[in-house]
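Colleague: Just passing along the structure, written as structure tokens.
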Amino acid sequence: MDDLFGALEPRRREISPGAVLLKGFALSFEAALLPALEATIAAAPLRHMVTPGGFTMSVAMTNCGAAGWVSDRSGYRYDPEDPLSGKSWPVMPSVFADLAGAAAAEGGFAGFVPDVCLINRYAPGTRLSLHQDRDEKDCGHPIVSVSLGLAATFQFGGLKRSDAVVKLPLSHGDVVVWGGPARLAYHGVLALKDGTHPGLGRQRFNLTFRRAL
Ligand code: SIN
Ligand code: FE2
């Protein structure tokens, strides 16, 4: 049977050239994805990083893969070590890499193999202001961004901060892929509305996959 919502809400929505929203794409990976997320966070705990300007970020973060995105008073960088432990970041679980590769291919970027995954955790009220992802060596690779838990409103704009943004509701299992002409698009997340997700409780996770090194 065709599902009713599938008819009302397209599974694949073009946001702008190079950027696509894949509704529910991660749901078929969920059974392996959530335990892998839990194990990763147990090995490298979520923490609130400090910006170069000295502000503590409200989004809690950790990483897995060959390096992790870190921010501190000296700037932003990809670090092969977790500064909290002095050890390597946890290995990227195979289900993470499989999901990212499959979503990228669906978004028009076949052959994407991520080497890093940034894990963001939003509590109610937490937001992420408009920014570009530009700390990666080669922007020829796309970004794959997976939403889990509470729903959020994603803002997606253009190559200039002042460009108009579209607002996209993102729910559990949605994936956004952007690359090519959209690779350096400004994007952000509006303040998370309070609520309780059946599986993940009072929070939202975002997994951002990139080829950074
Ligand atoms: C990010 O841009 O780093 C995260 C986006 C999101 O949480 O959806
Ligand atoms: Fe980002």
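Colleague: Of everything in segment 195-213, what is part of a loop (DSSP other than H, G, I, E, B), of a type in the set (S, T, N, Q) and within 16 Å of ligand 1 (Cβ to nearest atom)? Give them in sequence order. Working first, answer last.
Modeller: Step one: filter segment 195-213 for residues part of a loop (DSSP other than H, G, I, E, B), giving 195-196, 198-200, 202-203, 211-213.
Keeping just the survivors that are of a type in the set (S, T, N, Q) gives 196, 203.
Within segment 195-213, GLN203 is the sole residue that qualifies.
Colleague: Something else now. Which residues, taken from segment 55-88, are assigned to a loop (DSSP other than H, G, I, E, B) and open to solvent by less than 30 Å² (accessible area, probe 1.4 Å)? If you could, list the steps in order and put the result at the bottom.
Modeller: Narrowing segment 55-88 to residues assigned to a loop (DSSP other than H, G, I, E, B): 55, 57-59, 66-67, 73-74, 80, 82-87.
Selection gives VAL59, ALA67, ASP82.
Colleague: Scan VAL91, VAL113 and give me the residue that is open to solvent by 60 Å² or more (accessible area, probe 1.4 Å), in contact with a Cys (Cβ under 7 Å, 6 or more places away or on another chain), away from ligand 2 (no atom under 16 Å from the Cβ) and at negative phi. Give the steps one after another, and end with the answer.
Modeller: On the way: VAL113 fails: in contact with a Cys (Cβ under 7 Å, 6 or more places away or on another chain).
Residue meeting the stated conditions: VAL91.
Colleague: Shifting gears a bit: Do we have LEU99 as out of contact with any Pro (no Cβ under 8 Å at 6 or more places or on another chain), on the phi < 0 side of the Ramachandran plot and part of a strand (DSSP E or B) here? First the steps, then the outcome.
Modeller: Values: out of contact with any Pro (no Cβ under 8 Å at 6 or more places or on another chain): yes; on the phi < 0 side of the Ramachandran plot: yes; part of a strand (DSSP E or B): no.
Criteria not met by LEU99.
Colleague: Here's another thing I want to ask about it. Condition first: of a type in the set (S, T, N, Q) and away from ligand 2 (no atom under 14 Å from the Cβ). Now tell me which residues in segment 154-181 satisfy that. Outline the logic, then answer.
Modeller: To start, the set of residues in segment 154-181 that are of a type in the set (S, T, N, Q) comprises 155, 162, 171.
Residues satisfying the conditions are SER162, SER171.
Colleague: Can you confirm whether segment 194-204 contains a residue that is open to solvent by less than 50 Å² (accessible area, probe 1.4 Å), under 21 Å from GLY75 (Cβ atoms) and of a type outside the set (Lys, Arg)? So that I can check it myself, show each step before the final result.
Modeller: Filtering segment 194-204 for residues open to solvent by less than 50 Å² (accessible area, probe 1.4 Å) gives 195, 197, 200-201, 203-204.
Restricting the remaining residues to those that are under 21 Å from GLY75 (Cβ atoms) gives none.
Scanning segment 194-204 turns up no residue that is open to solvent by less than 50 Å² (accessible area, probe 1.4 Å), under 21 Å from GLY75 (Cβ atoms) and of a type outside the set (Lys, Arg).
Colleague: Here's another thing I want to ask about it. Can GLY179 be described as open to solvent by less than 50 Å² (accessible area, probe 1.4 Å) and either farther than 25 Å from VAL70 by Cα or modelled with pLDDT under 95 (or both)? So that I can check it myself, show each step before the final result.
Modeller: Working: open to solvent by less than 50 Å² (accessible area, probe 1.4 Å): yes; either farther than 25 Å from VAL70 by Cα or modelled with pLDDT under 95 (or both): no.
Spelling it out, it is not the case that GLY179 is open to solvent by less than 50 Å² (accessible area, probe 1.4 Å) and either farther than 25 Å from VAL70 by Cα or modelled with pLDDT under 95 (or both).
Colleague: Can you tell me which of THR208, THR153 is polar (S, T, N, Q), touching a residue at least 40 places away in the same chain (Cβ under 8 Å) and open to solvent by less than 50 Å² (accessible area, probe 1.4 Å)?
Modeller: Details: THR153 fails: touching a residue at least 40 places away in the same chain (Cβ under 8 Å).
Just a single option satisfies the conditions, and that option is THR208.
The values are calculated or read from the model by the stated rules, or taken from the named source; none is laboratory data. What you see is a predicted model; the values in this text were computed from it and never measured. Here the Cβ is made from the backbone with ideal geometry for all residues, glycine too, and neighbour counts use every protein chain on show. All accessible areas refer to the heavy atoms of the entire protein, side chains included, with ligands and DNA or RNA removed. Shrake-Rupley method; radii C 1.70, N 1.55, O 1.52, S 1.80 Å.
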